[in-house]
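Shown next, in structure tokens, is the structure this report addresses.
The values are calculated or read from the model by the stated rules, or taken from the named source; none is laboratory data. Values in this document were obtained by computation on a predicted structure and should not be read as measured data. Don't worry about glycine lacking a Cβ; one is built from the backbone with ideal geometry, like all the others, and counts go over all protein chains shown.
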């Protein structure tokens, strides 16, 4: 089926052929300005990719990229080999030879993604965390509760963030927020248990969640946290992790334990504390994080594969001098984990990081 972009590509076949020849020799070509295509249509984003060989085309989700692939194939421009054509959002076209022996050293998946993420400024990373539902819907209670009470609230909510009636950002954190607004600030952990009991009694697995809530809120750890200063918690963060797992009789790597620690870490970030050790605590593995890991081409046999992979990525990012921890990394991966390629481009475009979005969609399947 003809496209309104076909004529543009037909007029530039000679120049594109030169790029292909360069990619044959070097593995990747230089860039060609294709901004003239804007006269043929309007698009929210001009980024697009398509793979072309003598056998056909693949990819090309965007109409203008699909048009390019079809024109190249129809005109028999590529006689041997396979090439990826990348159109950037700034309308520069480059060609990469797929599987070329001339290509630069192939990097492992963790190196590729850490290279991409290392260009994100720390203020953007911090902004990503502030977009998490745990921050957006709970931040307003930080001041009235004070750090200690708020830390206990965030931890117990994190412990019971599983088997929800809907997405956490819709069915969990907003509902807890609405409930807290109707009640005064609790004076004791038992008062907090009475308040939250109303919510958990209507949740899935109500008895289990009530039992978990009581187990934590009646513990010595909760009593200590209730009156703790943020500096104390930051300085004892790993010890709290161990103690929380023991209190709940769970593995330290259990998703609800590490997620509760993330929620506690968010409370610390709200308090202005950033110097606490989160690097030993693994990423909370849920569907979104697991799915994004698979999209990077990683074989995911179990959650350990996911934790090991992102642990390596974080280690490499910290070696680059980025002052982030697993909270930042988890927040980003959770937010983009199941987005389409177009949605990922839009997500990073809104952050002013179009180039990062384009690089990410090039490495995911």
Report summary line: Residues of segment 13-35 being touching a helix residue (DSSP H, G or I) at 6+ places or on another chain (Cβ under 8 Å) and farther than 27 Å from residue 344 by Cβ, in sequence order, are 13
Query raised in the report: Being part of a loop (DSSP other than H, G, I, E, B), at pLDDT below 90 and over 21 Å from residue 134 (Cα atoms), is that true of even one residue in segment 272-281?
Result: yes
Query raised in the report: Consider residue 251 against the criteria (1) over 29 Å from residue 222 (Cβ atoms); (2) part of a loop (DSSP other than H, G, I, E, B): it satisfies all of them except one. Which criterion is unmet?
Result: (1)
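Residue 260: surrounded by 15 or more Cβ atoms within 10 Å (Cβ to Cβ) and at pLDDT 95 or above, yes or no?
Working: surrounded by 15 or more Cβ atoms within 10 Å (Cβ to Cβ): yes; at pLDDT 95 or above: yes.
Criteria met by residue 260.
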Report task. Enumerate the helices (runs of 4 or more DSSP H) found wholly within segment 72-162, keeping only those where 3 or more residues are modelled with pLDDT of 95 or more. Result -> 122-130, 133-136, 142-159
Query raised in the report: Can you name every residue in segment 1-30 that is under 34 Å from the mean Cα position of the chain (by Cα) and loosely packed, with under 15 Cβ neighbours inside 10 Å?
Result: 30
